[in-house]
1. Considering only residues that are in a loop (DSSP other than H, G, I, E, B) and free of Cβ contacts under 8 Å to residues at least 40 places away in the same chain, which ones fall in region 50-63?
2. Condition check: under 12 Å from the mean Cα position of the chain (by Cα) and modelled with pLDDT under 95. Does residue 101 satisfy that?
3. Would you check if there is a residue in region 74-95 being within 22 Å of residue 40 (Cβ to Cβ) and not assigned by TED's automatic domain parsing to the domain that holds residue 21?
4. How many of the residues making up region 88-103 are in a helix (DSSP H, G or I) and either within 23 Å of residue 154 (Cα to Cα) or without any contact (Cβ under 8 Å) to a residue 60 or more places away in the chain (or both)?
5. Please go through region 146-156 and pick out each residue that is surrounded by 12 or more Cβ atoms within 10 Å (Cβ to Cβ) and more than 23 Å from residue 46 (Cα to Cα).
6. Between 95, 88, 108, which is within 17 Å of residue 35 (Cα to Cα), crowded, with 23+ Cβ neighbours inside 10 Å and touching a helix residue (DSSP H, G or I) at 6+ places or on another chain (Cβ under 6 Å)?
7. Scan region 116-143 residue by residue and report those that are outside any helix (DSSP H, G or I) and loosely packed, with under 14 Cβ neighbours inside 10 Å.
């Protein structure tokens with residue numbers, strides 16, 4: 001049994017240490033917001049937070065995250081910065097197909113938690129590992145700027 005601290009709760013999982021975190025989150029625990037994309041950590045659809053840092057859950061063995069705090073898009077509504085990012089995403093109409101958006105939002109939230117006043121270059125650097133097949137990159141950057149502006153206005 002492996003104990004996983006996921007979205008603020010301990011979960012006892014009957015899996016081996018080499019099971020990818022993505023499959024433990026989706027198939028064992030039942031949080032389906034984190035998506036499978038490429039399975040190689042290249043597209044960012046599976047982005048989650050491990051102790052606040054964005055990480056690719058498809059290539060992260062569950063045994064490497066025991067004792068760490070793992071957050072998924074399924075619980076982001078409980079995070080004030082995450083709320084602002086999600087609100088900006090909706091107001092900016094970022095999503096088209098929406099498949100990558102959970103990972104995009106998780107990366108954007110991690111960026112703003114570490115740097116509430118990012119430059120355009122810092123936004124691009126933080127988001128470079130998240131691929132959007134629909135090409136909504138300009139709207140993504142606009143939404144991140146909007147959420148950053150709200151953070152600076154003290155709305156968080």
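The values are calculated or read from the model by the stated rules, or taken from the named source; none is laboratory data. As the structure is a computational prediction, the values presented were derived from the model and not from experiment. For neighbour counting, all protein chains shown are included, and Cβ atoms are generated from backbone atoms with ideal geometry for every residue, glycine included.
1. We begin by selecting, within region 50-63, every residue in a loop (DSSP other than H, G, I, E, B); these are 51-52, 60.
Matches in region 50-63: 51 only.
2. On the way: under 12 Å from the mean Cα position of the chain (by Cα): yes; modelled with pLDDT under 95: yes.
Criteria met by residue 101.
3. No, there is no match, as no residue in region 74-95 is within 22 Å of residue 40 (Cβ to Cβ) and not assigned by TED's automatic domain parsing to the domain that holds residue 21.
4. 6
5. Here is the first cut: in region 146-156, the ones surrounded by 12 or more Cβ atoms within 10 Å (Cβ to Cβ) are 146-151, 155-156.
Correct list: 146, 148, 149, 150, 151, 155, 156.
6. 108
7. Scanning region 116-143 gives 117, 119, 128, 133, 135.
Conditions (1) assigned by TED's automatic domain parsing to the domain that holds residue 137; (2) in a strand (DSSP E or B); (3) out of contact with any helix residue (DSSP H, G or I) (no Cβ under 8 Å at 6 or more places or on another chain), marked per residue:
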| site | (1), (2), (3) |
| --- | --- |
| 10 | no, yes, yes |
| 15 | no, no, no |
| 25 | no, no, no |
| 28 | no, no, yes |
| 32 | no, no, no |
| 35 | no, no, no |
| 39 | no, no, no |
| 42 | no, no, yes |
| 48 | no, yes, no |
